[in-house]
């Protein structure tokens, strides 16, 4: 009796394991993230307005513009931008079976419903908010912050509410992860348990307002690089401006209960450059003073001002960053250096209007950008491409991929199945481990992730001979090893290889070249040829650059 | 683009080039006289600019100065730790630094180094770059600056990376605003193969792969030749340099198994010991900066035991490195800096440990124009806990002065400003060289 029970338990366990490991993948249609038709039509109108604005700019500057690429490549661009990966074979097949006019909408909806997207976007936004370093480990949990942010992005929490929460949250860095924005700035020495107002002022300005005022910490602006004050009366920024912003953070402290406002107001003191002693600096907003509600709680006052409906720099900064995430560069560059008084590209204003009037809806923003013709422009053209073309988005920018994007793309291209939250845990763990190792050797671009840091020999070596690429190609559980044996038809094999690595079908010359390399080989040699072809495509420029 | 077949013929090309250089040298005897004059003149001139390379023995976690370079035997703060005499009169080291004591004539100490950072991550950044962490940009580490500033003919003969970090921790030297190409190349224990340089398949297959890669790149570049923005960077891709590196016999410098057993034993049979030996060989090959990390110094608990364990590893390796550099006549051109991100508290805590102390710690310098056997600065043998720590230091030097000293010895103009990507002009170093270590 007991033996029977044990046997059934053992077999049941093996059966469960076998079932879960060999489950056939089915792509589910997107559920709640699919916008209804009214919204889509509305989104299309905004996209049209954007494309008209670009067309006006091109003709005003007498610029030619590139032609359109096919939808599959657009899908690749969107995946890389917001999900840090490329479409899997199964996803491509499903994509191609959608009606052409609905393919991109379908793809965006699918991605917005995938945790990979919110996780990846959360990581990208976290860089701007708390940086990339590990920070003071006792009181800072970067991973908690990222996953909290990922939850909010997944549920499409309005961006203004999100930022207000980050600025005003109280509690422990583990229970109330938003406070990590504050704890990140606490230097761990015995002298202080207060978040650093100077660091917070710099971050708030860069991440939320799209302005870099860090130089004003130490001196007035003598290079005319920072504009502050009222729109009708713009002036150079001063040290006073910086510290007046920092003063908003003087009433925060860290205790055993976590981050909270102090009971008794603590004035902010600073010794300005030309003074011989420190003086009290009262909190003052650096521009749009008319939007300042002067609430008694400093953090609430700041949060309300930053996220005010009429605080356009706030909305503009968010829009510019999302554009940069999807295009590789912002409408204004650097992404967090948007002048207060303009000039602003018309497209930026159209998107900002739309963003504000629709409740700071990030998913909608992504949909709108995804619906533009601009996102479908070719990165190659038959005319000479100049910086003007790129600034006015007359061609799609050709930009190096970030390390996580490269790692994500390598992992997906060599996988038999889609690596998403539905994938098996061992698949995801393996990808996670390999990815971290890869990114750490590749070199993390840091907070300023949109600046081009050039390519290094180490990075080439990592791709040519490195563990991640090598392992994923050689592992018998992965696609490359399987392909040659699973599919007898060489044309299909070559097609699949190109689809999974470069998200396109091979052209005639490529097909001929590849098929001739595979023909007439014995099984083992053919397997090697397949792996070698994969290797060459993973290492080529087309894979490593966004285009 | 380099023809893939070049990569297997690399060995022969290298050999040809070397023999060519030899022949050129020999046939140049005729212009020796004017050359000799110039040499004589430059020998009389400033000693500065002698150092050509840098080895950093990075003691991460922060060594205790009281057990290493700044013992105060007999005082309360020593906590029972003893000192030992060195071969330089008047200088003592911690008792465990037995072999280093015999090399003291080549080594000088700054015992009064200070920093404003008491947090590991921030202090490591400060020590490696000479600047405090800044939210707007990443400063380059000292090795990156050296490689950036020193770019001469000899550098172009070096196929392997010129900035290397052996046994890196989480924060190896970075290129920062100078660019990622100046990041330290990370390698691990020299008994392990160097990561990412060996092809994963046999030569014939590797060549076939490279052919396919060439074809794939051609397809992509077909329509992009007219892109004036990225034109060159797409084409020039570091592929050629990577292939050259993979087949370079300079890689042998990493392979310590080629060294005699006795020499290896001298350095100690530890990863750190082997790494110091590898660092020596790399400097011989022409690498500009090698950073070797020894972690585990963070003795908040059980200070004496922890420090003794680490010193046991450091002592033979550090001493042998100096000895061998001297023997191979490389000490004059190679600077060796040894230290950590701060020191440790003079008083023992309830757990028998010492905590962080950036208010007067030690950095040891040798070679590259540093006059050995000197001590700069003094720490208080009886500091009062309540009073300001810095007040009791003689001749304090902020950590950036160490950087300035290194740059000065290498003939680098560290006060000139570089343009950074954020538009902010930045000096390479804001410290002042410790002249007393450089003046003859």
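The values are calculated or read from the model by the stated rules, or taken from the named source; none is laboratory data. Please read all numbers here as calculations on a predicted model, not as lab measurements. Heads up, the Cβs are rebuilt from the backbone with ideal geometry, glycines too, and the neighbour counts pull from every protein chain shown.
Does residue B:164 fit the bill of being surrounded by 21 or more Cβ atoms within 10 Å (Cβ to Cβ), in a helix (DSSP H, G or I) and under 18 Å from the mean Cα position of the chain (by Cα)?
Working: surrounded by 21 or more Cβ atoms within 10 Å (Cβ to Cβ): yes; in a helix (DSSP H, G or I): no; under 18 Å from the mean Cα position of the chain (by Cα): yes.
No; evaluated as a whole, the condition is false for this residue.
Only helices (runs of 4 or more DSSP H) wholly contained in segment A:466-547 count here; list those with 3 or more residues that are within 11 Å of chain B (Cβ to nearest Cβ) and either within 24 Å of residue A:376 (Cα to Cα) or under 27 Å from the mean Cα position of the chain (by Cα) (or both).
Values: elements: A:467-474, A:479-486, A:490-502, A:508-518, A:523-539, A:541-544.
Passing ranges, in order: A:467-474, A:490-502, A:523-539, A:541-544.
Any residue at all in segment A:74-89 that's assigned to a helix (DSSP H, G or I), at pLDDT below 95 and surrounded by fewer than 17 Cβ atoms within 10 Å (Cβ to Cβ)?
No, every residue in segment A:74-89 fails to be assigned to a helix (DSSP H, G or I), at pLDDT below 95 and surrounded by fewer than 17 Cβ atoms within 10 Å (Cβ to Cβ).
So that you can scan it fast, the table gives a plain yes or no per residue for (1) within 19 Å of residue A:71 (Cα to Cα); (2) modelled with pLDDT under 95:
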position	(1), (2)
A:316	no, no
A:324	no, no
A:340	no, yes
A:363	no, no
A:372	yes, no
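Do you know which of the residues in segment B:144-154 that are more than 14 Å from chain A (Cβ to nearest Cβ) and touching a residue at least 60 places away in the same chain (Cβ under 8 Å) is farthest from residue B:291 (Cα to Cα)? Steps first, please.
Our first condition is that a residue be more than 14 Å from chain A (Cβ to nearest Cβ); within segment B:144-154, this holds for B:145-146, B:149-154.
With touching a residue at least 60 places away in the same chain (Cβ under 8 Å) added as a condition, the list becomes B:145-146, B:149-150, B:154.
Details: B:145: 13, B:146: 13, B:149: 18, B:150: 17, B:154: 20 Å.
For segment B:144-154, the residue satisfying everything is B:154.
What are the residues in segment B:207-233 that are more than 34 Å from the chain's Cα centre (by Cα), more than 7 Å from chain A (Cβ to nearest Cβ) and free of Cβ contacts under 8 Å to residues at least 12 places away in the same chain, if any?
Once the filter is applied, which keeps residues that are more than 34 Å from the chain's Cα centre (by Cα), more than 7 Å from chain A (Cβ to nearest Cβ) and free of Cβ contacts under 8 Å to residues at least 12 places away in the same chain, segment B:207-233 yields B:218, B:222, B:225, B:231.
Select the helices (runs of 4 or more DSSP H) contained entirely in segment A:271-367, then report the ones holding at least 2 residues which are within 18 Å of residue A:213 (Cα to Cα).
Passing ranges, in order: A:298-306, A:312-327.
Please determine whether any residue of segment A:356-377 is touching a strand residue (DSSP E or B) at 6+ places or on another chain (Cβ under 6 Å), surrounded by 20 or more Cβ atoms within 10 Å (Cβ to Cβ) and more than 8 Å from every other protein chain (Cβ to nearest Cβ).
yes
Restricting attention to segment B:124-143, and to residues there that are within 11 Å of chain A (Cβ to nearest Cβ) and outside any loop (DSSP other than H, G, I, E, B), which single residue is surrounded by the fewest Cβ atoms within 10 Å (Cβ to Cβ)?
Among those that are within 11 Å of chain A (Cβ to nearest Cβ) and outside any loop (DSSP other than H, G, I, E, B), it is B:134.
Can you confirm whether segment B:359-373 contains a residue that is within 30 Å of residue B:177 (Cα to Cα), within 14 Å of chain A (Cβ to nearest Cβ) and either surrounded by fewer than 21 Cβ atoms within 10 Å (Cβ to Cβ) or without any contact (Cβ under 8 Å) to a residue 60 or more places away in the chain (or both)?
no
Would you check if residue A:412 is surrounded by fewer than 21 Cβ atoms within 10 Å (Cβ to Cβ), touching a residue at least 24 places away in the same chain (Cβ under 8 Å), out of contact with any strand residue (DSSP E or B) (no Cβ under 9 Å at 6 or more places or on another chain) and assigned by TED's automatic domain parsing to the domain that holds residue A:520?
no
Select, from B:339, B:343, B:296, the only residue that is touching a strand residue (DSSP E or B) at 6+ places or on another chain (Cβ under 6 Å), in contact (Cβ under 8 Å) with a residue 60 or more places away in the chain and farther than 25 Å from residue B:51 by Cβ. Let's see the steps before the verdict.
Details: B:339 fails: farther than 25 Å from residue B:51 by Cβ; B:296 fails: touching a strand residue (DSSP E or B) at 6+ places or on another chain (Cβ under 6 Å).
Every option except B:343 fails the conditions.
Test of understanding: among B:383, B:398, which residue is modelled with pLDDT of 95 or more, away from chain A (no Cβ under 14 Å) and within 22 Å of residue B:341 (Cα to Cα)?
B:398 is the lone residue from the list that is modelled with pLDDT of 95 or more, away from chain A (no Cβ under 14 Å) and within 22 Å of residue B:341 (Cα to Cα).
Taking the criterion of being within 24 Å of the chain's Cα centre (by Cα), within 14 Å of chain A (Cβ to nearest Cβ) and surrounded by 18 or more Cβ atoms within 10 Å (Cβ to Cβ), would at least one residue in segment B:298-314 satisfy it?
Yes, segment B:298-314 contains a residue that is within 24 Å of the chain's Cα centre (by Cα), within 14 Å of chain A (Cβ to nearest Cβ) and surrounded by 18 or more Cβ atoms within 10 Å (Cβ to Cβ).
Only one of A:149, A:162, A:129 is under 14 Å from the mean Cα position of the chain (by Cα), in a helix (DSSP H, G or I), away from chain B (no Cβ under 14 Å) and crowded, with 18+ Cβ neighbours inside 10 Å. Can you tell me which?
Exactly one residue qualifies, and that residue is A:149.
Inside segment A:497-517, can you point out the residues that are in contact with a helix residue (DSSP H, G or I) (Cβ under 6 Å, 6 or more places away or on another chain) and buried (at least 18 other Cβ atoms within 10 Å of the Cβ)?
Within segment A:497-517, A:497, A:499, A:500, A:501, A:502, A:503, A:506, A:514, A:517 qualify.
Residue A:195: part of a loop (DSSP other than H, G, I, E, B), at pLDDT 90 or above and over 23 Å from residue A:333 (Cβ atoms), yes or no?
Taking the combined requirement at face value, the residue satisfies it.
For residue B:121, all conditions in the list (1) more than 30 Å from residue B:286 (Cα to Cα); (2) out of contact with any helix residue (DSSP H, G or I) (no Cβ under 7 Å at 6 or more places or on another chain); (3) buried (at least 24 other Cβ atoms within 10 Å of the Cβ) hold save one; what is the number of the exception?
Failing condition for residue B:121: (3).
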